[in-house]
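Asks: One structure follows; several queries about it will come next.
The values are calculated or read from the model by the stated rules, or taken from the named source; none is laboratory data. If you're wondering where the values come from, they're calculated on a predicted model, not measured in any experiment. Cβ placement follows ideal geometry from the backbone for every residue including glycine, while neighbour counts extend to all protein chains displayed.
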Amino acid sequence: MATISDVARRAGVSASTVSRVLNQPEAVIAAKRDRVQAAIAELDYRPSSAARNLRRGSFDTLALLVGDISQPFHASLAKSVQRAADEHGYSVLLCDLDHSRERLISLLHSLPKRGVDGIIIATADNVNVQPVRGALGELLSQGVAAVCGSQSIRSLDIPALLTNRVAVARDATAHLLEQGRWPVVFLGGGAGTALTREASKGYEQACRAAGRTVDELHTVDGDYRAEAAEKSFAELLDSGVRPQGVVADNTPMALGAARALAARGLTIPADVAMVSCEDVPLGEYLQPPLSSIRTDMADYGRRIVNVLITAVAGGEVPARTLIPHELVVRGSSS
C-alpha cells in the first residue's frame with residue numbers, strides 16, 4: 001500500500017505538501033498540486049480517515065520552539081518572529097524547550113493536534129538525532145510545515161535559515177589575534193551542542209591561520225549560562241592560564257567570564273579583550289560595552305516567518321539560507 005512519502009517522492013515534493021493538497025488544495029500552487037494529484041492517482045494512494053481529520057483547515061498559528069527562553073538571544077528572536085507573524089495575520093505559540101530533547105519530541109507529537117500551521121525550531125542543542133528526526137517526519141506527514149533556525153536537519157525536507165557559525169567565530173577570533181592578543185580562549189556551550197561544534201571550528205581555523213597549533217588552544221565549557229561560564233573560566237584562570245582574549249559563544253557566558261576576571265583584579269580590555277558571537281541589546285549597555293557579532297534580528301525574524309508561511313502554502317522555499325553577520329567593535333576589544 002502506498003504511503004504519503006511514496007506520493008511525495010513520485011511528485012518531487014515534500015510530504016507536508018502532499019498533505020496540504022489533500023486537506024487544503026487551494027493553498028498549493030497549481031503546478032505542484034497537479035503533480036501531487038497525478039502521483040496519488042498513479043499510486044492509488046488512499047489516505048486514512050484519521051490523517052484527513054488531523055488537518056481540517058488553517059489555524060493561522062505558528063509555533064516557535066526555543067532552546068532556552070531565558071537567553072537574551074531567544075527573547076529577541078521571539079519578539080522579531082511575533083512582529084513578522086503579526087504582519088501576516090498569524091499568532092505565535094512560544095514553547096520553551098529548556099534544553100530538553102524529550103520535551104522537543106513531545107511537542108513535535110502534540111503540536112499538530114493543538115492547531116498549528118507551522119513550527120520554527122531555534123535551539124543550539126543537536127536535533128540531528130534519530131528520535132527527533134522521526135518525530136519531525138511524523139509532523140511533516142500531518143501537513144505541518146517546519147523551519148529550523150539553527151542547523152540543517154539531514155534527510156528531511158526542512159528549510160534552514162542560519163548564520164555561518166564557523167565564520168562568526170573565525171571573525172571574532174581573528175579580530176583579537178590581529179591585535180596581538182594571545183592566548184585567546186574560546187568559551188562555548190559544550191561539545192554536545194550543534195552551534196558550539198561549528199563555532200569551535202571557526203576559532204581553531206583563525207588560530208591556525210595565525211600560526212598557532214592545536215595544543216596551544218583553550219576551549220572552555222560554559223554551558224551557555226553565566227553561572228557555569230564564571231565557574232569554568234575561574235578554574236582556567238586559577239590553573240595558571242592568563243588569556244589576553246576571550247571569544248564567548250553567547251552574551252551570558254561573556255558576562256560570566258567578565259565576573260571571573262573582575263574577581264581576580266583583571267580588567268577589560270586592558271588585560272583581556274572580549275568578543276561575543278551574538279549581539280543582544282544588553283551587551284551595548286555593559287561597561288565597557290561588549291564587542292559582538294551582529295545579526296539583524298528584525299530581518300532574521302521576517303525571513304524565517306516568510307519562509308515558513310511560504311512552506312505552509314506549499315510554495316517553493318530554499319533548502320538553506322545564510323543570514324549575514326558583521327563584527328561590531330565596542331569598548332571590550334578596542
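Asks: Does any residue of segment 62-76 turn out to be small (Gly, Ala, Ser), at pLDDT 80 or above and not assigned by TED's automatic domain parsing to the domain that holds ARG103?
Replies: Scanning segment 62-76, I find no residue that is small (Gly, Ala, Ser), at pLDDT 80 or above and not assigned by TED's automatic domain parsing to the domain that holds ARG103, so the answer is no.
Asks: Of the residues ASP271, ASP299, which is over 30 Å from ALA31 (Cα atoms), outside any helix (DSSP H, G or I), at pLDDT 95 or above and not small (Gly, Ala, Ser)?
Replies: None of the other options fit; the residue is ASP271.
Asks: Given the residues GLU204, GLU198, which is the only one that is of a type in the set (D, E, K, R) and crowded, with 21+ Cβ neighbours inside 10 Å?
Replies: The conditions single out GLU198.
Asks: Based on what the data block shows, is THR267 free of Cβ contacts under 8 Å to residues at least 24 places away in the same chain, assigned by TED's automatic domain parsing to the domain that holds ALA172 and of a type in the set (Val, Ile, Thr)?
Replies: In short, yes.
Asks: Being assigned to a loop (DSSP other than H, G, I, E, B) and either among the hydrophobic types (A, V, I, L, M, F, W, C) or over 24 Å from ARG302 (Cβ atoms) (or both) is the filter here, so list the residues in segment 88-114 that pass it.
Replies: Passing the criteria: LEU97, ASP98, HIS99, SER100.
Asks: Out of the residues in segment 182-204 that are in a helix (DSSP H, G or I) and in contact with a Ser or Thr (Cβ under 8 Å, 6 or more places away or on another chain), state the one that is farthest from ASP271 (Cα to Cα).
Replies: The extreme case among them is ALA194.
Asks: Do we find that GLY240 is touching a Lys or Arg at 6+ places or on another chain (Cβ under 7 Å) and farther than 11 Å from GLY188 by Cα in this structure? Give the derivation first.
Replies: On the way: touching a Lys or Arg at 6+ places or on another chain (Cβ under 7 Å): no; farther than 11 Å from GLY188 by Cα: yes.
Taking the combined requirement at face value, the residue does not satisfy it.
Asks: Cβ-Cβ below 9 Å, separation at least six or inter-chain, first residue in segment 278-304 and within 21 Å of GLY188 (Cα to Cα) and free of Cβ contacts under 8 Å to residues at least 40 places away in the same chain, second outside any strand (DSSP E or B) and not small (Gly, Ala, Ser): which pairs?
Replies: Final answer for the pair search is ARG294/GLU278; ARG294/ASP279; ARG294/HIS325.
Asks: Within segment 318-334, count every residue that is of a type outside the set (Lys, Arg), under 20 Å from ASP296 (Cβ atoms) and assigned to a loop (DSSP other than H, G, I, E, B).
Replies: Residues meeting the conditions: 5.
Asks: Quick one: which of ALA172, ALA167 is surrounded by fewer than 21 Cβ atoms within 10 Å (Cβ to Cβ) and hydrophobic (A, V, I, L, M, F, W, C)?
Replies: After applying the criteria, what remains is ALA167.
Asks: Return yes or no: is SER292 surrounded by fewer than 13 Cβ atoms within 10 Å (Cβ to Cβ), modelled with pLDDT of 95 or more and either among the hydroxyl-bearing types (Ser, Thr, Tyr) or under 26 Å from ARG197 (Cβ atoms) (or both)?
Replies: Values: surrounded by fewer than 13 Cβ atoms within 10 Å (Cβ to Cβ): no; modelled with pLDDT of 95 or more: yes; either among the hydroxyl-bearing types (Ser, Thr, Tyr) or under 26 Å from ARG197 (Cβ atoms) (or both): yes.
No; evaluated as a whole, the condition is false for this residue.
Asks: Does segment 175-189 contain any residue that is of a type in the set (S, T, N, Q), assigned by TED's automatic domain parsing to the domain that holds ILE268 and buried (at least 23 other Cβ atoms within 10 Å of the Cβ)?
Replies: no
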